[in-house]
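A quick write-up on the structure given underneath.
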Amino acid sequence: VRWTFCVLLLLVGVLVGFILGLIVPGLRAVSWTPTLTLGDALHALAILLVGVVIDYVYASQTSSKQSDTKLLLDLVTDARTALHALEETSAVCKSGKKLAQEERADLLSAERDLSNAVHSIEEGLGHCSVKLHKLDFEKLKDARVKLKESLTDNPFPGPYDPLSLRTIRDGFTLMRNELTRMAFAINRR
Amino acid sequence: MILQRVELNVAKEFARIPGPRKRAEGEFSGEEFLETQLRPRFIEAQQSGATLHVNLDGTVGYGTSFLEEAFGGLAREFGVREVEQHLEVTCTDEPYLQDQIWKYIRNANKIR
């Protein structure tokens, strides 16, 4: 895309020059004798070299940033998967009964998976030298804590009353929104 | 003999599936953990000028209510400063847990 743009720019430049030459009468009277000295050639070579270096640096930086972004977005996707799994596991809270030991274990385990998925995003951002405060990462962590509290603080292990179930639902919504926000923030950084 | 470190492994010495907040709510509660494991070991560490190291690895996970009752309860009983001096917690299974526990300790006296 970058090279196509450069070639297009060059063609547009030539076309504009040609049209100007036709339209502006004064320009037709200007005579031009092309000369090329060794100094001119070296000058052109130096400019070309600088251009190549700039392009190389730009290309490598862009490519590295794109790979980092992809990896970070994959981590956010993992967290979304963990959130979805936790939402499915937490469906037992709607039963109106106290959770059995196996259900408790599944809930705690699924919540731990989400916690570790969020931690992986934080680690990933650290590896990419992204400043966490620029992405408001604490908001995502707070949402995770709120969701955990809604599931495993009072009245854990149940039965969950309608108000508790609503708090859980709100917790999931907040967490989902925070993960969406994080994905956009990573993409636009 | 002066001990440097008193060890407490929750999964091995208490339960692999930690329970709710209070004994009345179910088995392996935070209250039970505080009374039977955490408090006695903490006193042991305190009296010998040692650090109590609580290893939280090996369980399926912890509920907020369990952690708050156990560690917040410890801070309510012995004071935040004393707990800070003699307690160390590790959890490689879930790194955020350590931060959460210290939050419960420091907010122990706030009304929940």
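Test A:Thr62 against the stated conditions and say whether it is under 38 Å from the mean Cα position of the chain (by Cα) and among the β-branched types (Val, Ile, Thr). So A:Thr62 fits the description; yes. Applying the condition of being of a type in the set (D, E, K, R) and either in contact with a helix residue (DSSP H, G or I) (Cβ under 8 Å, 6 or more places away or on another chain) or surrounded by 14 or more Cβ atoms within 10 Å (Cβ to Cβ) (or both) to segment A:143-166 and asking which residue is nearest to A:Arg176 (Cα to Cα) yields A:Arg144.
Within segment A:96-125, if we keep just the residues that are under 30 Å from A:Gln61 (Cβ atoms) and either of a type in the set (D, E, K, R) or within 9 Å of chain B (Cβ to nearest Cβ) (or both), the residue that is surrounded by the fewest Cβ atoms within 10 Å (Cβ to Cβ) turns out to be A:Glu123. Condition (residue is aromatic (Phe, Trp, Tyr), over 17 Å from B:Pro95 (Cβ atoms) and surrounded by 19 or more Cβ atoms within 10 Å (Cβ to Cβ)) applied to segment A:126-139: is it met by at least one residue? No, because not a single residue in segment A:126-139 is aromatic (Phe, Trp, Tyr), over 17 Å from B:Pro95 (Cβ atoms) and surrounded by 19 or more Cβ atoms within 10 Å (Cβ to Cβ).
Do the conditions hold for A:Leu86, that is, is it more than 9 Å from every other protein chain (Cβ to nearest Cβ), under 22 Å from B:Thr59 (Cβ atoms) and within 29 Å of the chain's Cα centre (by Cα)? I'd like the intermediate steps shown before the answer.
Values: more than 9 Å from every other protein chain (Cβ to nearest Cβ): yes; under 22 Å from B:Thr59 (Cβ atoms): yes; within 29 Å of the chain's Cα centre (by Cα): yes.
Yes, satisfied.
The residue of segment A:174-189 that is surrounded by the most Cβ atoms within 10 Å (Cβ to Cβ), among those that are closer than 25 Å to B:Ile101 by Cα and not charged (D, E, K, R), is A:Met175. Considering segment B:50-68, and only residues there that are of a type in the set (S, T, N, Q) and in a strand (DSSP E or B), the residue that is farthest from the other protein chains (Cβ to nearest Cβ) turns out to be B:Thr51.
FYI, it's all coordinate maths here, none of it is from the lab. Given the structure is predicted, the values throughout are model-derived calculations rather than measurements. Quick reminder, even Gly has a Cβ in these numbers, built from the backbone with ideal geometry, and neighbours come from all protein chains shown.
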